[in-house]
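Take a look at the structure set out below.
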Amino acid sequence: MNAPLLAMTGVVKSFGGVQALRGVDFDLKAGEIHALLGENGAGKSTLMNVLAGVHAPDEGAMAIDGAPVRFSNPREAQAAGIATIFQELDLVPGLDVAANLFLGRELTRPGGFLDVPAMRRQARERLEALDLAIDVERPVGELSIGHRQVVAIVKALSYASRVLIMDEPTAALTVGEVERLFAIMRRLSAGGVGIVYISHRLEEVPEIADRVTVMRDGRVAGETRPDAPQAELVRLLVGRPLEELYPRRAGRVGRRLLHLRDARFRPVRERAGWQAPRRISLDVHEGEIVGLAGVMGAGRTELLSALYGTGLAGRWDGGVEVDGRPVRLESIRAARRAGIAFVTDDRRGGGLMLRMAVARNLVMSVIPSISPAGFLSPAREGEAVRRSFGQFDIRPRRPEIAVGALSGGNQQKVVLAKEILGDPRLLLLDEPTRGVDVGAKGEIYARLRELAGQGLGILVASSEMPELVGLCDRIVVLREGCSVAAFEAGADEHAILAAANGKAPDVQP
Ligand SMILES: Nc1ncnc2c1ncn2[C@@H]1O[C@H](COP(=O)(O)OP(=O)(O)OP(=O)(O)O)[C@@H](O)[C@H]1O
Ligand SMILES: [Mg+2]
């Protein structure tokens, strides 16, 4: 029998006291798409980091085409044809798209000068080959998360001659973009590239994978076929049957917290790709969870960030009221004074200080309220931290370690917990469960519903249609900066999609 393209055997890795991998065997065939699933913290990213030369394993071996290999850094892995799209994208926000694509392998002219026109031309060609219309001269930091993801993918593709590791590549993508990505993956695998595909979106598995390996707690919990029933996948994943994913709606609605009537945000300076809110009408009441649906570019993130004062500089006009009073939401300070909190879709850029301890990150935003003089009261800090760990089941239960050492999904829980600690009245959420495993998702939904039950109003943007339909009391559809339709709880996903794509008559909410 031929040796597989890649074989990893008995891989062990620990970080300080945390055993991330406890003896993992994993293999990959040429031309195969192998899905790697598991709960947050199961060890998926760590295993792939070992493969990609980021971490040296404590024990275990790797072989490519049957020949033992050992990578002491990512460059060596790349040289062997192994490329990674990391969960937390490794792009440089201040550099433009072309510069990011050629980072470390810049094209030069005689004399050592950067050949910027050539890099831009080639960058354009590479994006066009995949039907992607992205301006290669824009700084990556100005792109939407979805577009950044696409740039990271294109960048990795240029290295991936043998193995492509994709760590949650679709977390930020919308339905259409996921399809395009799958088409790219199929093309690569048909050419013999082996692909490791990590995702928390279980519904993608039968569509794209040839084989499935599930990890749990640093070990391989089992291998199944991609067409295994979802219930079986979930059982392997979490080690127990899962109850209802979406909590029951409470239905008790209080005062009107947020009222937008033909609201428009006028940025001082327009920015290409930033879809300013142009005509938005919607209400959020106490106790209510209102969803925002829309395709990428519809302006969901822009609406949330403009309400929180973190979008472009500019001003609102039309009707904008919080708690029955007209407000000018033009700065974070104004938003916070109005009781608004915001969880961005950009963990790395906005939410967390990755080198700081989990505990410190949690209490950062509430320091003024729990310690009025600016000094931290250790007792109150400890109490707040304990509450967060319990409420959101942050794992491992080690408040002293750096947030950057948590798995992606657990970082997301920290971001949510941190905003809740500030006791907001209106919570704005952008893709709140991105990268969160099925079990933890259910817990987050339950927590959000519970908080709504206590009077919090929630406005949540999501690209996951089942999440919007399952979680929300009402769903408002945005298109090109305008609210174009509204649906009640339990509405049909297809009807919402049709409205988002402009294939249904508009109904003003
Ligand atoms: N650099 C590090 N320092 C300390 N602990 C780490 C480090 N990297 C990972 N860990 C720990 O190793 C365990 C496995 O983490 P890993 O990131 O591999 O999980 P994952 O399966 O990718 O989860 P997710 O789905 O949330 O991304 C976790 O307990 C994590 O906290
Ligand atoms: Mg991970």
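With the whole protein complex present, SER72 retains an accessible surface near 90 Å², based on a 1.4 Å probe.
If R0 equals 22 Å, the separation of the Cβ atoms of VAL92 and SER365 corresponds to a calculated FRET efficiency of about 0.20.
With a Förster radius of 56 Å applied to the beta-carbon distance between ASN73 and GLU480, the computed FRET efficiency rounds to 0.75. 3J(HN,Hα) couplings calculated from phi for the stretch 305-314 with the Karplus curve 6.51 cos²θ - 1.76 cosθ + 1.60 (θ = phi - 60°) are, in sequence order, 6, 5, 5, 8, x, 10, x, 5, 5, x Hz; Gly and Pro show x.
How charged is the neighbourhood of SER281? Take every other residue with its Cβ under 11 Å from the Cβ of SER281, and add Lys/Arg as +1 and Asp/Glu as -1. The partial results should precede the final answer.
Working: positive: ARG261, ARG264, ARG279; negative: ASP262, ASP283.
Around SER281, the surrounding residues sum to +1.
At the residue level, HIS147 shows approximately 60 square angstrom of accessible surface with a 1.4 angstrom probe and all protein chains present.
Within the stretch 6-238, what percent of beta bridges assigned by DSSP are antiparallel, to the nearest 5?
On the way: 23 of 41 bridges.
If I count the DSSP bridges inside the stretch 6-238, around 55 percent turn out antiparallel.
All other residues with a Cβ under 10 Å from the Cβ of VAL11 taken together, and with Lys, Arg as +1 and Asp, Glu as -1, what is their net charge? Net charge in that neighbourhood comes out at -1.
Using equal-weight Cα scatterers in the Debye expression, the normalised intensity of the chain in log10 at q = 0.05, 0.07 Å⁻¹ is -0.20, -0.39. The dipole here belongs to the stretch 6-238: it is taken about the Cα centre, uses +1 on the Cβ of Lys and Arg and -1 on the Cβ of Asp and Glu, and is about 420 debye. Backbone phi angles across the stretch 183-189, fed through the Karplus curve with coefficients 6.51, -1.76 and 1.60 (θ = phi - 60°), yield HN-Hα couplings of 4, 4, 4, 5, 5, 5, 5 Hz in residue order; Gly and Pro are listed as x. Taking a sphere under 10 Å around the Cβ of GLU321 and counting the other residues whose Cβ falls inside, with K and R at +1 and D and E at -1, yields a net charge of +1. Placing +1 on the Cβ of every Lys and Arg and -1 on the Cβ of every Asp and Glu, with nothing else charged, gives the chain a dipole about its Cα centre of roughly 1240 debye. Around the amide H of VAL69, modelled in the peptide plane, lie the amide H atoms of MET62, ALA63, ILE64, all under 5 Å away and 5 or more residues distant in sequence or on another chain.
Of all beta bridges that DSSP places with both ends in the chain, some 55 percent have antiparallel geometry.
For the stretch 381-484, the set of trypsin sites (Lys or Arg not before Pro) satisfying both a DSSP loop assignment and a count of at most 11 other C-beta atoms within 10 Å is given as ARG397.
Summary value for the chain: 16 percent relative contact order, contacts being C-alpha pairs under 8 angstrom separated by 6+ residues. Residues of the stretch 275-302 with an amide N closer than 18 Å to a point placed 7 Å from the Cα of ASP135 along the Cα-to-Cβ direction: 275-277, 297-299, 302.
Out of every Cα-Cα pair that the stretch 6-238 contains, those further apart than 30 angstrom amount to 26 percent. Using alpha carbons only, how many angstrom separate the centre of the stretch 280-344 from the centre of the stretch 146-214? Between the Cα centres of the stretch 280-344 and the stretch 146-214 lies a distance of 33 Å. Summarising the label geometry, the points placed 7 Å from Cα in the beta-carbon direction at ASP210 and GLN230 lie 2.6 nm from one another.
In deg cm²/dmol, rounded to 500, what helix-only [θ] at 222 nm does the chain give when every DSSP H run of at least 4 residues adds -39500 (n - 2.57) and the total is split over its residues?
On the way: 17 runs with 161 residues, N = 509.
The per-residue figure over the chain is -9000 deg cm²/dmol.
The stretch 160-264: which trypsin sites (Lys or Arg not before Pro) are DSSP loop and have at most 10 other beta-carbon atoms within 10 angstrom?
Values: sites: ARG162, ARG180, ARG186, ARG187, ARG201, ARG211, ARG216, ARG219, ARG235, ARG248, ARG249, ARG252, ARG255, ARG256, ARG261, ARG264; in loops: ARG162, ARG201, ARG248, ARG249, ARG252, ARG255.
In loop regions of the stretch 160-264 (DSSP not H, G, I, E or B), the sparsely surrounded trypsin sites (Lys or Arg not before Pro) are ARG248.
Just report the Cα centroid separation between the stretch 1-74 and the stretch 395-460, whole Å. Here the answer is 30 Å between Cα centres. Placing unit charges on each Cβ (+1 for Lys and Arg, -1 for Asp and Glu) gives the stretch 19-124 a dipole about its Cα centre, and among GLY94, GLY38, ALA52 the Cα reaching farthest toward its positive end belongs to GLY94.
Per residue, the accessible area of the stretch 6-238 comes to 42 Å², computed with a 1.4 Å probe over protein heavy atoms only.
Counting only Cβ charges, +1 for Lys and Arg and -1 for Asp and Glu, the dipole size of the stretch 99-141 around its Cα centre is about 140 debye.
What full-extension length gain, to one decimal in nm, is calculated for ARG328 and ASP423 as 0.36 nm per residue of separation minus the Cα-Cα distance?
Values: separation 95, 0.36 × 95 = 34.20 nm, distance 2.10 nm.
Length gained between ARG328 and ASP423: 32.1 nm.
For the stretch 179-250, the Cα gyration tensor yields ellipsoid semi-axes of 26, 17, 10 Å (square root of five times each eigenvalue, largest first, whole Å). To put it simply, the accessible area of the chain at a 1.4 Å probe is 51 percent carbon and sulfur. Surface calculation, 1.4 Å probe, protein heavy atoms: THR310 sits at approximately 60 Å² accessible.
The values are calculated or read from the model by the stated rules, or taken from the named source; none is laboratory data. Nothing here was measured: the structure is a model prediction, and the numbers come from that model. Don't worry about glycine lacking a Cβ; one is built from the backbone with ideal geometry, like all the others, and counts go over all protein chains shown. Keep in mind that these areas ignore ligands, DNA and RNA; they rest on the heavy atoms of the full protein, side chains included. Shrake-Rupley method; radii C 1.70, N 1.55, O 1.52, S 1.80 Å.
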